[in-house]
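A short worksheet on the structure shown next.
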Amino acid sequence: MPRLSQPHLLGIKNITLRDIELIFETADNFKEVINRPIKKVPSLRDVTIANVFFENSTRTRLSFELAQKRLSADVINFSASTSSVKKGETLLDTVNNILAMKVDMIVMRHASAGAPHFLSRHIKANIINAGDGTHEHPTQALLDAFSIREKLNGVKGKKVAIIGDILHSRVALSNIFALNKLGAQVTVCGPPTLLPKYISKLGVNVELDLQKTLAWCDVANVLRIQLERQQLKYFPSLREYSLYYGITRERLDALKKPIVLMHPGPINRGVELSSDAADSRHSIILDQVENGVAVRMAVMYLLAGTAS
Ligand code: CP
């Protein structure tokens, strides 16, 4: 039975190209399964998985839960806002209490970068990082790359632009690691205040001009302006941001070439993306969501039973 080379998915930085390829090949099979009239397989029967979310989520939490149910796993859901974390219980105590109920795998989202890495040093269950602060969001990067591979028949050599709030984005960092491993060319584009100083050291091009970036790329992955993480003012107003960096239908149509438009969600409609662009023929945003279920099924299937 194929397995990933490590017992956790903590980030893309430290996984191998072969692991990514194995996840994609397995997700191809699961995508076929979830499009059948009977969408369920017994692959994770008798495996118990806890979705432990310390931050809000729609897509990631529901996608993991649906993926677990499609694989016949037993599922429990924990939301910090309604838990004893509110009474002062620590992360490690919380997770150890969940594991005492014979849970095999933890899917965790946490506001602190490195929280799943910390857990992996203290517990025996498989851990999947569902987003840790501004650090990594590995399954988002995997489903993004899987969607590019599906739409453009591969990722190698493709020109991918990541546009917007790179500074606060765990999606950007995981995407950069994944796309570099898969041989894509990557450009990051945004206002200088939202581009980290170290970014060019990650092997990406840096471009401040949106129209030049759109003219160059095959794929534009547009990121949300993360106002909830911005302690400072990084641009004068949302209106000005939208004027210089907002993707509109007119901007896309003016390119007179095919372009694939992506967004990890949730979208700030009218800020980084206009509604008519988000819903245009260029957009594969809902395909990304569909692929998220198959990719997450693959990750959990390939990790199950590997924790010691
Ligand atoms: N893309 C993403 O992580 O969305 P959610 O925050 O809704 O899970």
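What follows draws every value from the coordinates through simple rules; no lab data is involved. Because the structure is predicted, anything quoted here is derived from the model rather than measured. Glycine gets a Cβ as well: all are built from the backbone with ideal geometry, and neighbour counts include every protein chain shown.
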Checking the cross-link filter: which lysines have an alpha carbon closer than 17 Å to that of residue 31, excluding same-chain neighbours under 8 positions apart? 39, 40, 69, 151
Quick one: 301, 234, fewest Cβ neighbours within 10 Å first, how do they rank? 234, 301
Using θ = phi - 60° and the Karplus curve 6.51 cos²θ - 1.76 cosθ + 1.60, what whole-Hz ³J(HN,Hα) does each residue of region 70-77 get, with Gly and Pro shown as x? 4, 8, 6, 6, 8, 10, 10, 10
What lysines could a cross-link reach from residue 201, if we take a straight Cα to Cα line under 23 Å and drop same-chain neighbours fewer than 8 places away? 13, 156, 158, 159, 181, 212
Relative contact order, percent, of region 1-113 when contacts are C-alpha pairs under 8 Å separated by at least 6 residues? 29
Just 57, 43, 237 to compare: in a GNM of the chain, with alpha carbon springs under 10 Å, which one fluctuates most? 237
Taking N as the number of residues in the chain, what value does Rg over Cα atoms divided by 2.2 N^0.38 Å take? 0.99
Where does the chain land at 222 nm, in deg cm²/dmol rounded to the nearest 500, when only DSSP H runs of n ≥ 4 count, each adding -39500 (n - 2.57), divided by all residues? -11000 deg cm²/dmol
Binning at 5 Å from 0, report for region 138-286 what percent of all alpha-carbon pair distances ends up in each bin. 2, 10, 22, 25, 23, 13, 5, 1, 0
Identify which of 51, 268, 175 has the largest mean-square fluctuation in a Gaussian network model of the chain, with springs joining Cα atoms closer than 10 Å. 268
Count the net charge of all other residues whose Cβ sits under 15 Å from the Cβ of residue 16, scoring Lys and Arg as +1 and Asp and Glu as -1. +1
Tell me, what is the FRET efficiency for residue 82 and residue 46 to the nearest 0.05, using R0 = 22 angstrom and their Cβ-Cβ distance as r? 0.20
